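The values are calculated or read from the model by the stated rules, or taken from the named source; none is laboratory data. Keep in mind the model is a prediction, meaning the values are calculated, not measured. Quick reminder, even Gly has a Cβ in these numbers, built from the backbone with ideal geometry, and neighbours come from all protein chains shown. Just so you know, the surface numbers come from the protein's heavy atoms only, side chains and all, with ligands and any DNA or RNA stripped out. Shrake-Rupley method; radii C 1.70, N 1.55, O 1.52, S 1.80 Å.
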Amino acid sequence: MPSQPAWATPRAVALLIAAYLLIHLGVRLWMGPTLGLDDAEQALFAQHWLLNYRFRAPPLFTWALVGTGGVLGVNMLSISLLRYALLAMIFGFTYLTARRLIRDPALAALATFSFAAIYVFGYYSHHDLTHTTTLSAFLAASWYVFVRLAEKPTLRWYVLLGLCFGLGMLGKWNFA
């Protein structure tokens with residue numbers, strides 16, 4: 001088996017993901033306070049705690065924004081930090097899952113990096129698609145936990161899978 005390329009080591013993958021997300025976060029904040037449609041809607045809804053804010057979408061992102069907004073205010077920074085935390089979950093759990101399922105570390109890294117080439121993740125998720133990004137983050141987490149559960153069926157993994165499923169449903173209804 002050939003040696004692992006330097007860019008495919010876990011540390012390098014984590015640094016590349018972090019750099020990608022930080023650059024996009026910086027660009028998003030540099031572009032000014034103009035909010036996309038989803039972001040503006042969430043900024044409006046995040047003024048109060050409610051069980052639900054509208055029928056079409058469950059409240060997880062809004063609840064997280066209410067909590068974050070209590071510390072940072074409901075603004076572009078708090079919305080962007082939540083968005084990039086969710087994108088970090090997507091990339092991170094995708095990489096962890098790929099490392100368990102793909103023997104070649106370079107292919108696992110490429111599988112993770114490929115999300116940046118998908119329009120929804122590479123472009124649109126940086127300024128819109130709040131609930132879809134939340135859905136994707138918990139799908140990625142669920143797949144990782146499911147793979148770990150298949151490897152070693154313990155109570156811990158069952159509980160974590162249930163937690164991922166519950167949070168996924170609170171992120172977007174079509175998680176089911």
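In the stretch 95-117, the qualifying residues are those that are in contact with a Ser or Thr (Cβ under 8 Å, 6 or more places away or on another chain) and farther than 19 Å from H131 by Cβ, and the one that is most open to solvent (accessible area, probe 1.4 Å) is A111.
Under 21 Å from V145 (Cα atoms) and part of a loop (DSSP other than H, G, I, E, B): is that true of R103 in this structure? In short, yes.
Within the stretch 24-37, being within 18 Å of H131 (Cα to Cα), assigned to a loop (DSSP other than H, G, I, E, B) and open to solvent by 30 Å² or more (accessible area, probe 1.4 Å) holds for one residue alone: L35. Count of the stretch 106-155 residues, restricted to those that are in contact (Cβ under 8 Å) with a residue 24 or more places away in the chain and not in a helix (DSSP H, G or I), is 3.
Does A85 meet the test of being modelled with pLDDT of 95 or more and either more than 11 Å from the chain's Cα centre (by Cα) or open to solvent by 20 Å² or more (accessible area, probe 1.4 Å) (or both)? In short, yes. If the condition is being touching a residue at least 12 places away in the same chain (Cβ under 8 Å) and either open to solvent by 10 Å² or more (accessible area, probe 1.4 Å) or at positive phi (or both), then the stretch 62-82 contributes W63, A64, V66, T68, G69, V74, N75, M76, L77, L81, L82.
Determine if the stretch 9-16 includes at least one residue that is more than 23 Å from T132 (Cβ to Cβ), open to solvent by 60 Å² or more (accessible area, probe 1.4 Å) and among the basic types (K, R). Scanning the stretch 9-16 turns up at least one residue that is more than 23 Å from T132 (Cβ to Cβ), open to solvent by 60 Å² or more (accessible area, probe 1.4 Å) and among the basic types (K, R). Hey, any hits in the stretch 3-18 for a residue that's hydrophobic (A, V, I, L, M, F, W, C), in a helix (DSSP H, G or I) and closer than 24 Å to F61 by Cα? The answer is yes, given that some residue of the stretch 3-18 is hydrophobic (A, V, I, L, M, F, W, C), in a helix (DSSP H, G or I) and closer than 24 Å to F61 by Cα. For the stretch 38-61, residues that are assigned to a loop (DSSP other than H, G, I, E, B) and open to solvent by 20 Å² or more (accessible area, probe 1.4 Å) total 9.
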